[in-house]
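Undergrad: Below is the structure I would like to discuss, written out as structure tokens.
Where a number appears in this text, it was derived from the coordinates with a stated rule and is not lab data. Treat the numbers as computed from the prediction; the structure is a model and nothing was measured. Don't worry about glycine lacking a Cβ; one is built from the backbone with ideal geometry, like all the others, and counts go over all protein chains shown.
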Amino acid sequence: MSEENPPNVASNTDETASSENVGVVRRKRFTGGPARGFLSSLAADERIFAADIAVDRAHVIMLIEQDIIDSATGKIILTALDSIETAGHDALSEGEDVHEAIETAVIDRVGPAGGKMHTARSRNDEVATCIRYQLRSDLLQTIDTTLGLREVLLEAGKVHTETLMPGYTHLQSAQPITVGHWLCSYAAGIERDTARLLDVYDRVNTSPLGAAAFAGTPFDIDRERTATLLGFDGILENTMDAVAGRDTLIETLSALAAHAITLSGVAEDLIIFANNGYIELADEYASTSSIMPQKVNPDTLELVRAVAGDITGELTGLLTTLKGLPRAYNRDLQRATPHVWSAIDDITETTAVVGGAIKTAQWNKKALEAAAGDGFSTATGIADALAMTGIPFRTAHEVLTIATDRADGETPTIEMLNHAAEDALGESLFTYVDRETIIDVLDPAMNVSARDSQGGPAATAVVTAIETYENNHATHVAEYKTRRNEIDSASTLLDQEVQQYV
Ligand code: ARG
């Protein structure tokens, strides 16, 4: 690598700067007053401290390789970055943000030559890269937690393929189902949540670095190289898009919000089940009353339900912040990012809590079975049995409507069903079905086992569905691992490259 002043080499004039300027990046720009703290994102930037060090390292290595800075300068900067990393975020002095504070710390350690680190880049491409770099790890953690929750749902599903329960519409007992069917309904929803997060991950995983402020740079940089060193799949081509676009944050937060809404549904169902005595939550997922000694409350799940509100708020905050922002960089963007950090932390924790609550809950088979036929929930099954004999379903429905009206909230007797058939069809019920068939369909267990269509609640259908969900789970685990390995090997590569100089 040439050390002799290639045309591309950054000017050395700042090395002659007076010593009072050493350790200060853009002295005039951050002088204080009430706006000082207001401008600063340093505290919130702790989240991207490690990302910024990695981005600095990759950038410096690329600058050396491209002969934009000489390797001796690169070496002292890389050495300084090691010591800044060891000192940690808390050791940074004040600054508008972590990027400026780290640059200041480099200059503090190595003198004006440290100012070469910021050649051919801007905080605009730097922050956009740091966000994506950190978000990748956070997304992988969330994805992993959704995989864990799906595993819990499917394991419980296998145990409860036959356990009866009431299925609801409008919160009214509607048709008997199995607990396995209920569990699979959420395994299916969360499978899509994982898929959305994996999909979003791949768009997060592209590098804005090298876009500089928004308008590129005259230096002969290698954007693909920094992308590789940081484990990105490629680069964001347009330099203005690279620094200004935050749509990937919107889709990340939207995917998180969709998952939060799924979880709030799980929570609401479980709250109802717990209050009906269908499940018993483990102690650590319930709470007691400080005054009413008899109470055990599903507080954890109520908090899960509330998290969906918080995430919705974060998404709204992000969208509102971004709406109408012109190209290219505007400082509003600084306040956009924390919405995502807050949401992703909340949702990852919440997903784990829901998994724990389900894993440790006891399903009260007796109460569930006793309630499965409540509210004449077997009625549709009888209408189906009649329709299977060739009677139009609408006519069969009419028979059951008449019988239901007359039963006054109870399950009608076979005689009442027969009278209803005589009134609606002008013929005895038994012209169409025998008494045994009706007795069977009135039994919630038989009623459910008849509904064995694909994806239905019958044990046989649930067993088949669980196999499919397990296969899809295994595919997602593999996709998760590939991405995890990619960023792990990139970080090993970056370490190795740094080792060549320090
Ligand atoms: N802290 C800033 C942010 O989060 C970094 C970029 C500052 N750029 C600027 N042109 N003021 O967006």
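Undergrad: If you rank Trp182, Trp363 by fewest surrounding Cβ atoms within 10 Å, what's the result?
TA: Ordered from fewest to most neighbouring Cβ atoms within 10 Å, Trp182, Trp363 come out as Trp363, Trp182.
Undergrad: If you don't mind, there's one more thing I want to ask. Could you work out how far the C-alpha centroid of segment 306-380 sits from that of segment 410-457, in angstrom?
TA: Cα centres, segment 306-380 to segment 410-457: 41 Å.
Undergrad: Ratio of the chain's C-alpha Rg to 2.2 N^0.38 Å, to two decimals?
TA: Relative to the rule-of-thumb radius for its length, the chain sits at 1.34.
Undergrad: A follow-up question, please. Could you give the length gained by full extension between Gln362 and Glu162, i.e. 0.36 nm per residue of separation minus their alpha carbon distance, to one decimal place?
TA: In short, 70.5 nm is gained.
Undergrad: Could I ask something else about it? Hey, any idea what Rg/Rh is for segment 304-370, computing Rh the Kirkwood way over Cα pairs?
TA: In segment 304-370, Rg relative to Rh is 1.29.
Undergrad: While we're on this one: Within segment 266-352, list the trypsin sites (Lys or Arg not before Pro) lying in a DSSP loop whose Cβ has at most 14 other Cβ atoms in a 10 Å radius.
TA: For trypsin sites (Lys or Arg not before Pro) across segment 266-352 that sit outside H, G, I, E and B with at most 14 neighbouring Cβ atoms in 10 Å, the list reads Lys295, Lys323, Arg327, Arg331.
Undergrad: While we're on this one: Where does segment 151-238 land on Rg/Rh, using Cα atoms and the Kirkwood Rh?
TA: With Rg and the Kirkwood Rh in hand, the quotient comes to 1.40.
Undergrad: Using +1 at the C-beta of Lys and Arg and -1 at the C-beta of Asp and Glu, which of Ala257, Ser342, Tyr285 has the Cα lying farthest in the positive direction of the dipole of the chain?
TA: Ser342
Undergrad: For a quick check: sort Val152, Val448 by the number of other beta carbons within 10 angstrom, fewest at the front.
TA: Exposure proxy ranking, most exposed first: Val152, Val448.
Undergrad: So for the chain, if I pair up every lysine 8 or more residues apart or on another chain, how many of those pairs have alpha-carbons under 27 Å apart?
TA: 10
Undergrad: Please compute the modelled spin-label separation between Glu46 and Asn275, points set 7 Å along Cα→Cβ, answer in nm with one decimal.
TA: That separation, rounded to one decimal, is 3.9 nm.
Undergrad: Hey, another quick one. Can you tell me how much longer the chain between Glu251 and Glu268 gets when fully stretched, taken as 0.36 nm per residue apart minus their C-alpha distance, in nm with one decimal?
TA: My answer for the length gained is 3.6 nm.
Undergrad: Just from its helices, what would the mean residue ellipticity at 222 nm be for the chain, if runs of 4 or more DSSP H residues each count -39500 (n - 2.57) and the sum is divided by every residue, rounded to the nearest 500 deg cm²/dmol?
TA: Rounded to the nearest 500, the figure is -21000 deg cm²/dmol.
Undergrad: How much length, in nm to one decimal, is gained on full extension between Arg435 and Ala72, taken as 0.36 nm per residue of separation minus their Cα-Cα distance?
TA: Result for the pair: 121.3 nm of gain on full extension.
Undergrad: Right, here's the next one. Note down the magnitude of the dipole of segment 412-494 about its Cα centre, charges +1 on Lys and Arg C-beta and -1 on Asp and Glu C-beta and zero elsewhere, to the nearest 20 debye.
TA: With only Lys, Arg, Asp and Glu charged at Cβ, the dipole is about 680 debye.
Undergrad: Going by how many other beta carbons lie within 10 Å of each one, how would you line up Ile439, Ile69, Ile487, fewest first?
TA: The order, fewest Cβ neighbours first, is Ile439, Ile487, Ile69.
Undergrad: As an exercise, find the ratio Rg/Rh for segment 346-486 from alpha-carbon atoms, using the Kirkwood inverse-distance average for Rh.
TA: Radius of gyration relative to Kirkwood radius: 1.18.
Undergrad: So, one more: Normalised by the residues of the chain, what does the relative contact order come to in percent, with Cα pairs under 8 Å and at least six apart?
TA: Contact order relative to length: 18 percent.
Undergrad: While we're looking at this one, here's another question. Separation of segment 48-99 and segment 135-205 by C-alpha centroid, Å?
TA: Going from one Cα centre to the other spans 42 Å.
Undergrad: Given +1 on the Cβ of Lys and Arg, -1 on the Cβ of Asp and Glu, and no further charges, what dipole in debye does the chain carry about its Cα centre, rounded to the nearest 20?
TA: 1040
Undergrad: Near Lys481, within a Cβ-to-Cβ distance under 13 Å, what is the net charge of the other residues, with Lys and Arg +1 and Asp and Glu -1?
TA: Spelling it out: positives minus negatives among the neighbours equals -2.
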